[in-house]
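These notes concern the structure reproduced below.
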């Protein structure tokens, strides 16, 4: 894990801890009858694993009465957390779902066909390497394109963060993603992320292989010769340092 990603995750964890304390402080507590007592005299709190419930699309407002709150508000704004609904999506469920950073939010179900993906990438000066072009030409890719309009939040983790292993098979990676409360990508997420992402990172798309004979998945690349492009990678097992993209599960 590089230092900048570690620092980002560390700061995010600190923010989450602070937010948990704020929400616990202002969470309404059940009214007890006069003869009802807590056996251990401890305060009632939100049960572990309880969902954070906030008004949908409500404006996210914090008091700026002290330096800590001003810094926290500035950090949330810099990470595009502008509403309580988006904050809920980031936190999802306390104590049960690990928090992985968001790389991009993509829109699906816009009626695109394979040719439309090629045109969209070309219009932004993004190349599609031949092996990726071949994958996008296969029926499995075409049938995987969603017809339902929706937004998908794509998040990032290394193979070792997901599995705890230095070398891991792709099957183990997909299993770990599901066990942590997230979803694997659909094939269309590869070209959509390549179109949306303007940074210099490189990511494997955690998806089912289009190739029936061996594992082959999309690779969002920044090649020295080709520049920003959409490629594929194949093989098994994978190094624990491999960066993977997968979907944040919706809390419906």
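The values are calculated or read from the model by the stated rules, or taken from the named source; none is laboratory data. Because the structure is a prediction, the values reported are computed rather than measured. Quick reminder, even Gly has a Cβ in these numbers, built from the backbone with ideal geometry, and neighbours come from all protein chains shown.
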### Members of segment 128-152 that are surrounded by fewer than 18 Cβ atoms within 10 Å (Cβ to Cβ) and closer than 14 Å to residue 193 by Cα
151
### Message
Here's a check for you: in segment 105-124, which residue that is over 22 Å from the mean Cα position of the chain (by Cα) and not in a helix (DSSP H, G or I) is nearest to residue 216 (Cα to Cα)?
### Response
113
### Task
List the number of the failed condition for residue 204; all other conditions in (1) touching a helix residue (DSSP H, G or I) at 6+ places or on another chain (Cβ under 8 Å); (2) modelled with pLDDT of 95 or more hold.
(1)
### Task
Would you mind listing the strands (runs of 3 or more DSSP E) fully within segment 209-252 where at least 1 residues are surrounded by fewer than 18 Cβ atoms within 10 Å (Cβ to Cβ) and over 19 Å from the mean Cα position of the chain (by Cα)?
216-223, 227-234
### Query
Yes or no: residue 165 surrounded by fewer than 21 Cβ atoms within 10 Å (Cβ to Cβ) and either touching a strand residue (DSSP E or B) at 6+ places or on another chain (Cβ under 7 Å) or without any contact (Cβ under 8 Å) to a residue 60 or more places away in the chain (or both)?
no
### Message
Checking residue 186 against (1) touching a helix residue (DSSP H, G or I) at 6+ places or on another chain (Cβ under 7 Å); (2) surrounded by 19 or more Cβ atoms within 10 Å (Cβ to Cβ); (3) at pLDDT 95 or above, only one condition comes out false. Which one?
### Response
(2)
### Residue count, segment 180-200 (criterion: part of a loop (DSSP other than H, G, I, E, B) and under 15 Å from the mean Cα position of the chain (by Cα))
6
### Query
Would you pick out the residues in segment 126-144 that are in contact with a strand residue (DSSP E or B) (Cβ under 8 Å, 6 or more places away or on another chain) and part of a loop (DSSP other than H, G, I, E, B)?
126, 129
### Meets criteria (surrounded by fewer than 14 Cβ atoms within 10 Å (Cβ to Cβ) and more than 19 Å from residue 143 (Cα to Cα)) for residue 200
yes
### Query
So residue 127 fits all but one of (1) within 24 Å of the chain's Cα centre (by Cα); (2) in contact (Cβ under 8 Å) with a residue 60 or more places away in the chain; what number is the exception?
(1)
#### Entry: Index of the failed condition, residue 101 passing every other in (1) modelled with pLDDT of 60 or more; (2) exposed (fewer than 13 other Cβ atoms within 10 Å of the Cβ); (3) under 23 Å from residue 248 (Cβ atoms)
(2)
